[in-house]
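Peer 1: The structure under discussion is supplied below as structure tokens; questions concerning it will follow.
The values are calculated or read from the model by the stated rules, or taken from the named source; none is laboratory data. All values derive from a computational prediction rather than experimental measurement. A quick note on method: Cβ atoms are made from the backbone with ideal geometry, for glycine too, and the neighbour counts reach across all protein chains shown. Note: accessible area is taken over every heavy atom of the protein model, side chains too, but ligands, DNA and RNA are not part of it. Shrake-Rupley method; radii C 1.70, N 1.55, O 1.52, S 1.80 Å.
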Amino acid sequence: MSLCVSNNSTTDLTVAAADARLAFAADELARYLAIVTGAHFPLGEGPERAVSLQINDAPTEEHGWDIRPDGLTLFGHDTLSVLHAVYHFLEEHCGCRWLAEFEDGEIIPRRETLSVPCEQRRFRPDFAQRAFTNYPDIDRLTVAMCDWMAKQRFNRFMIFANAEGAFEAYEQVLQREVVARGLKIELGHHSCKYFMPPSELFDTHPEYFALIQGERSPRGQLCTSSPEVVALVAERISRLMSAHPEIDTVGLWPNDGYGWCECERCLALEPQEPSRLWPGYPRRTDTYLQFVNQVAELVAQDHPDGFLSALFYVNYVEPPRQVEVLPQVKVYFAPFQRCFRHPLGGAPDCRRPNVQYAEMLRQWRPLVPGQLLLFEYLMLIDMVSVPYPLYRLLPEDFRFYRDLGVEGYVLEYRPAEWGPYGQHAHLIGELSWDADADVQAALDGHFSDLYGPAAGEMMAFWTSLEERFGQGGGCVHHYDLGYTRRATHQLLRPALDCLGRAVALAASAEPRHREAVAQAQVSAQLLLLLGRWQDSLHQAMKIAKLADDAIVAAQELVDFAQRHADSGALFAPGIMRRVEGEMARLQ
């Protein structure tokens with residue numbers, strides 16, 4: 001038995017939302033079914049043969065469908081879960097493919113007859129939170145990103161509070177779109193300056209800010225032991241939550257870097273011991289967590305169902321010793337110095353602190369009564385657009401996180417780097433629902449959509465790049481580009497040969513396929529230029545008379561980045577800043 005729709009100008013199959021909040025999901029289903037079949041699907045109560053969208057008592061984040069000869073029911077835990085059911089059904093039974101706008105957009109097939117088998121299906125993710133955050137701008141491309149996120153069954157977007165104008169842009173550009181889809185929204189990401197801006201408060205209340213080497217400074221953290229600071233931050237967070245009920249979580253994250261207060265009250269909050277991973281700085285986990293807890297208790301008086309989140313990072317990444325995590329505080333654990341060559345949970349030979357991070361994450365789990373989340377760096381935003389596939393690392397990391405009981409993550413991303421890293425976002429989407437997913441099958445499907453007839457050669461290109469350049473090398477971190485010195489024509493020859501064949505196959509393909517292959521060409525050339533520059537810089541640091549070679553290589557790299565700034569394969573400003581910073585070492 002099956003449900004069948006023919007390609008006619010009308011159909012007696014009506015899309016009916018059981019709840020007014022599902023209007024967006026109903027409209028999306030009717031719109032895409034019309035594109036696929038050419039038939040018209042009216043919205044409303046309709047006849048007995050109907051597509052019904054329902055919010056039911058399914059567990060959190062679960063969605064699914066029930067297909068019968070007389071109709072179809074799509075259901076979920078809330079409005080977003082129902083929308084996930086809509087997009088998932090369109091993908092599984094109509095052949096829709098949800099590529100991002102940065103990949104030239106979705107693929108919607110046409111069918112003379114749509115026949116779907118009668119079945120009952122339910123889907124529940126391995127990770128309850130699946131989120132991205134802007135880095136740093138919110139604009140039209142952010143709207144496109146959130147649309148893609150909903151279609152790929154991500155569920156949360158974090159507003160980067162400390163990016164100038166980001167929240168105002170959220171209100172003007174993004175708020176209506178995310179509310180319509182039911183995406184969960186939070187504010188976070190180094191937010192202390194947002195709630196306590198030095199430009200507003202330092203001149204009149206310097207005592208609100210950290211005492212550093214005997215002087216109050218606007219460039220460090222807050223004085224977290226100050227009752228006035230606690231009260232003012234709590235009042236501002238409560239006011240924001242009242243004005244924006246769609247924001248269910250506010251991150252009270254320290255400013256990036258260090259600069260913790262050294263006043264007598266702050267120093268008395270915990271022993272002055274070196275941080276485990278940052279021995280040049282004292283650990284500050286208990287000091288920070290006590291501050292977040294105090295603010296959370298005040299905010300809960302007005303918003304008992306709201307949450308605060310806390311970021312545990314650099315010299316406050318270690319688990320607390322005395323202060324307990326409140327249930328209304330979400331914990332984000334940030335393995336900032338991790339290696340991308342090795343998985344976090346199983347790499348005893350890794351020279352970076354992956355093993356220590358894994359140990360600390362295990363220690364955090366029983367201490368967190370609510371959600372334990374990751375602030376992860378798997379979209380590689382600080383690796384100056386270096387193409388570095390993570391096909392082996394991602395499934396190992398996600399299985400480790402799932403087995404440990406981590407509830408989810410947030411990832412930074414840049415649209416300008418979607419060419420080399422967008423494949424990671426697609427794969428992360430698959431692993432978020434099933435950490436045991438068939439990675440090869442997921443990549444095959446995505447590459448077929450992205451590269452068309454060149455998919456096979458492009459798969460060979462990326463896997464060769466991963467094996468020879470990535471897995472064949474040593475530890476990798478985004479603030480050390482020395483590993484790119486390995487990127488020679490000789491090492492990359494097998495990958496480059498595959499890329500050359502892919503270019504030929506894509507020559508007569510659709511524009512989207514040619515553009516995707518062209519982005520990979522930019523990535524490959526960028527890697528070679530980075531390798532040459534890093535090698536010449538390394539030589540110049542040893543032999544001063546070779547500095548001219550490094551200068552020439554640096555200029556070639558900058559010129560290339562500027563020429564390809566709009567390619568979707570690199571973030572030119574980041575490359576230029578890194579070149580400027582590292583070349584200063586020659587002076």
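Peer 1: Mind counting the residues in the range 504-517 that are surrounded by fewer than 17 Cβ atoms within 10 Å (Cβ to Cβ) and either farther than 24 Å from Ala416 by Cα or out of contact with any Gly (no Cβ under 9 Å at 6 or more places or on another chain) (or both)?
Peer 2: Here the count works out to 4.
Peer 1: For residues that are open to solvent by less than 40 Å² (accessible area, probe 1.4 Å), of a type outside the set (A, V, I, L, M) and in contact with an Asp or Glu (Cβ under 8 Å, 6 or more places away or on another chain), tally how many sit in the range 158-176.
Peer 2: 0
Peer 1: So, in the range 283-332, exactly how many residues are in a loop (DSSP other than H, G, I, E, B) and of a type outside the set (Ser, Thr, Tyr)?
Peer 2: Step one: of the range 283-332, the residues in a loop (DSSP other than H, G, I, E, B) are 283-284, 303-306, 313, 317-328.
Adding the requirement that they be of a type outside the set (Ser, Thr, Tyr) leaves 283-284, 303-306, 317-328.
Going through the range 283-332 one residue at a time, the tally reaches 18.
Peer 1: Checking the structure you have, find out if any residue of the range 143-155 is part of a strand (DSSP E or B) and at pLDDT 95 or above. Can you show your working first?
Peer 2: Just the residues of the range 143-155 that are part of a strand (DSSP E or B), to begin with: none.
The answer is no; no qualifying residue exists.
Peer 1: To continue, here is another question. Out of the residues in the range 353-375 that are of a type outside the set (Val, Ile, Thr) and part of a loop (DSSP other than H, G, I, E, B), which is farthest from Thr249 (Cα to Cα)?
Peer 2: Of the residues in the range 353-375, the ones of a type outside the set (Val, Ile, Thr) are 353-354, 356-367, 369-375.
Among the residues that remain, those that are also part of a loop (DSSP other than H, G, I, E, B) are: 353, 369-371.
Numbers: Pro353: 30, Pro369: 16, Gly370: 13, Gln371: 12 Å.
Result: Pro353.
Peer 1: Based on this model, can you work out whether Ala487 counts as free of Cβ contacts under 8 Å to residues at least 40 places away in the same chain and either open to solvent by 20 Å² or more (accessible area, probe 1.4 Å) or under 24 Å from Leu394 (Cβ atoms) (or both)?
Peer 2: On the way: free of Cβ contacts under 8 Å to residues at least 40 places away in the same chain: no; either open to solvent by 20 Å² or more (accessible area, probe 1.4 Å) or under 24 Å from Leu394 (Cβ atoms) (or both): yes.
No.
Peer 1: Right, something else. May I ask you to verify whether Ala540 is closer than 30 Å to Asp449 by Cβ and open to solvent by less than 50 Å² (accessible area, probe 1.4 Å)? Break it down stepwise before answering.
Peer 2: Details: closer than 30 Å to Asp449 by Cβ: no; open to solvent by less than 50 Å² (accessible area, probe 1.4 Å): yes.
Spelling it out, it is not the case that Ala540 is closer than 30 Å to Asp449 by Cβ and open to solvent by less than 50 Å² (accessible area, probe 1.4 Å).
Peer 1: Here is a further query. Take the residues of the range 359-375 that are under 21 Å from Leu427 (Cβ atoms) and among the aliphatic types (A, V, I, L, M): which is surrounded by the fewest Cβ atoms within 10 Å (Cβ to Cβ)? Outline the logic, then answer.
Peer 2: Taking the range 359-375 first, the residues under 21 Å from Leu427 (Cβ atoms) are 373-375.
From the residues that got through so far, the ones that are among the aliphatic types (A, V, I, L, M) too are 373-374.
Working: Leu373: 25, Leu374: 23.
Among them, the one singled out is Leu374.
Peer 1: For Pro197, state whether it is touching a residue at least 12 places away in the same chain (Cβ under 8 Å), surrounded by fewer than 19 Cβ atoms within 10 Å (Cβ to Cβ), of a type outside the set (A, V, I, L, M, F, W, C) and out of contact with any His (no Cβ under 6 Å at 6 or more places or on another chain). Let's see the steps before the verdict.
Peer 2: Values: touching a residue at least 12 places away in the same chain (Cβ under 8 Å): no; surrounded by fewer than 19 Cβ atoms within 10 Å (Cβ to Cβ): yes; of a type outside the set (A, V, I, L, M, F, W, C): yes; out of contact with any His (no Cβ under 6 Å at 6 or more places or on another chain): yes.
Spelling it out, it is not the case that Pro197 is touching a residue at least 12 places away in the same chain (Cβ under 8 Å), surrounded by fewer than 19 Cβ atoms within 10 Å (Cβ to Cβ), of a type outside the set (A, V, I, L, M, F, W, C) and out of contact with any His (no Cβ under 6 Å at 6 or more places or on another chain).
Peer 1: Same structure again: Given the residues Pro125, Pro59, Pro136, which is the only one that is in contact (Cβ under 8 Å) with a residue 24 or more places away in the chain, surrounded by fewer than 16 Cβ atoms within 10 Å (Cβ to Cβ), out of contact with any strand residue (DSSP E or B) (no Cβ under 8 Å at 6 or more places or on another chain) and in a loop (DSSP other than H, G, I, E, B)?
Peer 2: On the way: Pro125 fails: surrounded by fewer than 16 Cβ atoms within 10 Å (Cβ to Cβ); Pro136 fails: out of contact with any strand residue (DSSP E or B) (no Cβ under 8 Å at 6 or more places or on another chain).
Exactly one of Pro125, Pro59, Pro136 is in contact (Cβ under 8 Å) with a residue 24 or more places away in the chain, surrounded by fewer than 16 Cβ atoms within 10 Å (Cβ to Cβ), out of contact with any strand residue (DSSP E or B) (no Cβ under 8 Å at 6 or more places or on another chain) and in a loop (DSSP other than H, G, I, E, B), namely Pro59.
Peer 1: Still on this structure, please answer the following. Tell me yes or no: at least one residue of the range 307-319 is modelled with pLDDT of 95 or more and open to solvent by 30 Å² or more (accessible area, probe 1.4 Å).
Peer 2: Yes, the range 307-319 contains a residue that is modelled with pLDDT of 95 or more and open to solvent by 30 Å² or more (accessible area, probe 1.4 Å).
Peer 1: Quick one: which of Ala553, Ala561, Ala547, Ala565 is open to solvent by 10 Å² or more (accessible area, probe 1.4 Å), part of a helix (DSSP H, G or I), small (Gly, Ala, Ser) and in contact with a helix residue (DSSP H, G or I) (Cβ under 9 Å, 6 or more places away or on another chain)? Show your work before the answer.
Peer 2: Values: Ala553 fails: open to solvent by 10 Å² or more (accessible area, probe 1.4 Å); Ala561 fails: open to solvent by 10 Å² or more (accessible area, probe 1.4 Å); Ala565 fails: part of a helix (DSSP H, G or I).
Sole residue among the options that is open to solvent by 10 Å² or more (accessible area, probe 1.4 Å), part of a helix (DSSP H, G or I), small (Gly, Ala, Ser) and in contact with a helix residue (DSSP H, G or I) (Cβ under 9 Å, 6 or more places away or on another chain): Ala547.
Peer 1: Specify the residue that is nearest to Phe375 (Cα to Cα); the eligible residues are those in the range 320-348 that are open to solvent by 30 Å² or more (accessible area, probe 1.4 Å) and in contact (Cβ under 8 Å) with a residue 60 or more places away in the chain.
Peer 2: Looking at the filtered set, the residue picked out is Gln337.
Peer 1: Would you check which residues across the range 521-534 are in contact with an Asp or Glu (Cβ under 9 Å, 6 or more places away or on another chain) and open to solvent by 10 Å² or more (accessible area, probe 1.4 Å) and list them? Don't jump to the end; show me each part of the working.
Peer 2: Restricting attention to the range 521-534, the residues satisfying the condition of being in contact with an Asp or Glu (Cβ under 9 Å, 6 or more places away or on another chain) are 529, 532-534.
Once the filter is applied, which keeps residues that are in contact with an Asp or Glu (Cβ under 9 Å, 6 or more places away or on another chain) and open to solvent by 10 Å² or more (accessible area, probe 1.4 Å), the range 521-534 yields Leu529, Arg532, Gln534.
Peer 1: Still on this structure, I have one more. Looking only at the range 129-143, how many residues end up being in contact with a helix residue (DSSP H, G or I) (Cβ under 8 Å, 6 or more places away or on another chain) and more than 19 Å from Ile381 (Cα to Cα)?
Peer 2: So the first thing to find is which residues in the range 129-143 are in contact with a helix residue (DSSP H, G or I) (Cβ under 8 Å, 6 or more places away or on another chain), and the list is 130, 132, 134, 136-143.
With more than 19 Å from Ile381 (Cα to Cα) added as a condition, the list becomes 140, 143.
Adding up the residues that qualify gives 2.
Peer 1: Report yes if Glu186 is under 25 Å from Arg156 (Cα atoms), outside any helix (DSSP H, G or I) and either in contact (Cβ under 8 Å) with a residue 60 or more places away in the chain or under 31 Å from the mean Cα position of the chain (by Cα) (or both), otherwise no. Explain how you work it out, then say what you get.
Peer 2: Numbers: under 25 Å from Arg156 (Cα atoms): yes; outside any helix (DSSP H, G or I): yes; either in contact (Cβ under 8 Å) with a residue 60 or more places away in the chain or under 31 Å from the mean Cα position of the chain (by Cα) (or both): yes.
Yes, satisfied.
Peer 1: Starting from the range 100-121, take each residue that is over 20 Å from Leu72 (Cα atoms) and list its partners that are of a type in the set (Lys, Arg), counting only C-beta distances under 6 angstrom and pairs at least six apart or across chains.
Peer 2: Asp104/Arg512; Ile107/Arg97
Results for (1) among the acidic types (Asp, Glu); (2) open to solvent by less than 10 Å² (accessible area, probe 1.4 Å); (3) in contact with a helix residue (DSSP H, G or I) (Cβ under 8 Å, 6 or more places away or on another chain), shown as yes or no for each residue.
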{"position": "Tyr208", "(1), (2), (3)": "no, no, yes"}
{"position": "Ser217", "(1), (2), (3)": "no, no, no"}
{"position": "Arg236", "(1), (2), (3)": "no, no, yes"}
{"position": "Ile247", "(1), (2), (3)": "no, yes, yes"}
{"position": "Gly259", "(1), (2), (3)": "no, no, no"}
